[in-house]
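Input: a single structure, listed below in structure tokens.
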Amino acid sequence: MGWSGPRTVTIDRPQAAGGLGIGFSGGELLLLAIGACYTNDLYREAAKTGMVLKSVEVSVDGDWGGDPIRAQNVEFSVKLEAKASRAEILDLIEHTDKVAEIHNSLRIGTKVNLAKREAVTQE
């Protein structure tokens, strides 16, 4: 289980990888985070201009490979319906792509450090 404040999410491996298949894998959560961040940021950026969003659909895809294995070929698509002109909607889509926090963290690179090591043996 993973949690942040009062919210929880079940994290597991697929059955083919030895898990129970009852929750999201870490890789699935990474792709979901990319989509969730972009969606939230669309609403934030639209509010700054007074644009009213009617519906947002974001789809994120990627694959895993390399040595060490990592996310590769990550792409996302967006369909946005709003009370605005086509040009204004496209400008919002492009602008939000430039300011989305998780996207920038991945594109620019965020150092990840192993902070604590603890080993508990059962002998």
Pairs, please: C-beta under 6 Å, at least 6 apart or cross-chain, first residue over 27 Å from A100 (Cα atoms) and in the stretch 5-34, second part of a helix (DSSP H, G or I)?
G21/Q15
Would you mention how many residues in the stretch 40-84 are more than 22 Å from L106 (Cα to Cα) and of a type in the set (S, T, Y)?
2
Going through G27, G50, G35 one at a time, which residue ends up being of a type outside the set (V, I, T) and on the phi > 0 side of the Ramachandran plot?
G50
Among the candidates A100, A71, A84, single out the residue that is closer than 25 Å to G50 by Cβ, of a type outside the set (V, I, T), in contact with a strand residue (DSSP E or B) (Cβ under 9 Å, 6 or more places away or on another chain) and in contact (Cβ under 8 Å) with a residue 12 or more places away in the chain.
A84
Assuming N73 fulfils every condition listed in (1) in contact with a Gly (Cβ under 8 Å, 6 or more places away or on another chain); (2) farther than 17 Å from D97 by Cα; (3) not aliphatic (A, V, I, L, M) apart from one, which condition is it?
(2)
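The numbers here are math on the coordinates, done by the rules we state, and not lab data. Not measured: the values here are computed from a predicted model. All Cβ positions, even for glycine, are placed from backbone atoms using ideal geometry, and neighbour counts span all protein chains on display.
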